[in-house]
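Just so it is clear, none of the values below were taken in a lab; they were calculated from the coordinates. Just so it is clear, the structure is predicted and the values come from calculations on it, not from any experiment. All Cβ positions, even for glycine, are placed from backbone atoms using ideal geometry, and neighbour counts span all protein chains on display.
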Amino acid sequence: MKNWWKGLAVVLLLYTAAAGFLMPVPRLAILNETIRNLYFHVPMWFGMTFILIASVYYSIRYLRTPTPQLDILSHEAAKTGILMGCVGLATGSIWAKYTWGTWWTNDPKLNGAAIAMLIYGAYLVLRSSFTDEQQRARISAIYNIFAFATAMPLFYILPRLTDSLHPGAGGNPAFAKYDLDDNMRLVFYPAVIGWTLLAFWLAQVASRIAALKLKVYEKQLA
Amino acid sequence: MLKDFRLEWRQRAALNGMLLYVGSTVFVCFLSFSLKGGLPPAPAWNALFWIILLFSAVNAVAKGFLQESRGRMLYYYTLVPPQAVILAKIAYNALLLLGLALVGLALYVLVLGNPVQNTALFVGNVALGALGFASTLTLVSGIAAKAANSNTLMVVLGFPLMIPMLLLLIKVSKNALDGLEFEASQSSLLTLVALNLIVGAVSYLLFPFLWRS
């Protein structure tokens, strides 16, 4: 049963989808039913953070012992993180449309997230501008670590210093205090775990495909 | 390390060009604003100043690694540890940017007026900005120099990384413009220092790996 966590991911996400739409939620002004988006929007960022941490971990390991496998792992993990971030931006944008009345506002938290996505977009551009595989792997590992160190303050430090509409900024509590009751916790925590596991699953499948492609390519060369 | 710094200083071919670059950019800004017949309002003044600094920083630091020939890099490699090279580059770039920023500021104030009310805070902020830009861009230019289309890559990699710093810098300098008390910008300044330290430390740790290729 070494794949128990994939089963767990499926169960938790099915539970999230079912309970997220059916369980009672507190009636709050403005938010109304959109509060259910909490089970989808917020876990995206959790999943993204964890998968990017994994990507940095593989990058550091790559710099210590360079193997193609570690490079593939860190690259695919970063790509999954970017995917999660984009879905997070999209769900957040929809949520903003129904609560703040606009798809996008000039808000530190939103801008921070968008810029962090740009930083990781630059990572993909960087990877595509090398022809030599070893050099590409080493330099993108270096940039990946550097990008993580500068992108994380954008998510977790800078928005807290300024006033913002978004919860979890300007000294607001993120979500725990006022908009989350015990019923919601029952769905929210499983949702976070489920989406995070799904991110790792995606990264694993993607890196297996990339590793197979590499193998096929090497066979063709030989 | 001091010797390394001197090595950098000796080939400061970029310096005069950069001074001219900053000077002409400021002058172009002055000309475009004087068409309207007046000085820009304080927020525009602030934003324009940082945009000028941003572009001249990218141009100035990009010279550092891109102009380095392969042979000379090998020569350094035999002489000094990589940590000394990156520290010397950061120090040199920081001083270069600081000089550029101060000359630019002087020219800027000369032609576009001086709405700054808290000069000490503003200049301190500019100094922090120069240090931050230098430590971010030095490693980025090292990375970009390895790739094929380095000039584009330098901008693509550098700008998003600099934005968090730039946001804080603009906020603090806006405070300095409005003459707010030091306490109002204290937390932002501390975050800036912390961000500089993080970026500097990460460059210091990562450069030896970059260097080997």
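Just check the range A:1-70 against the gyration tensor rule for me: Cα atoms, a ≥ b ≥ c as the square roots of the eigenvalues, rounded for a/c under 1.5, and otherwise prolate or oblate depending on whether a/b exceeds b/c. In terms of gyration-tensor shape, oblate. Treating the angle as unsigned and between 0 and 90°, give the value, to the nearest 10°, between the Cα long axis of helix B:13-35 and the longest Cα principal axis of chain B. Taking the Cα atoms of chain B, the angle to B:13-35 is about 20 degrees.
What do you get for the angle between helix A:38-64 and the principal long axis of chain A? Use alpha-carbon atoms, 0 to 90 degrees, nearest ten. For helix A:38-64, the angle is close to 20 degrees.
When only alpha carbons are used to place a centre, the range A:130-145 and the range A:183-222 end up 21 Å from one another.
Taking other C-beta atoms within 10 angstrom as a stand-in for reagent exposure, B:Cys29, A:Cys86 fall in the order A:Cys86, B:Cys29, fewest first. Starting from the Cα gyration tensor of the range A:48-214, take the square roots of the eigenvalues, sort them a ≥ b ≥ c, and report rounded, prolate or oblate (rounded when a/c is under 1.5, otherwise prolate if a/b is larger than b/c, else oblate). Note, shape of the range A:48-214 comes out prolate. Between 0 and 90 degrees, rounded to the nearest ten: what's the tilt of helix B:150-177 against the longest Cα principal axis of chain B? Around 40 degrees separate the two axes.
Per residue of peptide B:136-145, the mean number of Cβ atoms on other chains within 10 Å of the residue Cβ is 2. Computed extension gain for A:Leu14 through A:Ile157, at 0.36 nm per residue and net of the alpha carbon distance, reaches 48.2 nm. Taking a ≥ b ≥ c as the square roots of the eigenvalues of the alpha-carbon gyration tensor, chain B is classed prolate because a/c is 1.5 or more and a/b outweighs b/c. Each Cα pair under 8 Å and six or more residues apart adds its separation to the average, and for the range A:48-214 the resulting relative contact order is 30 percent.
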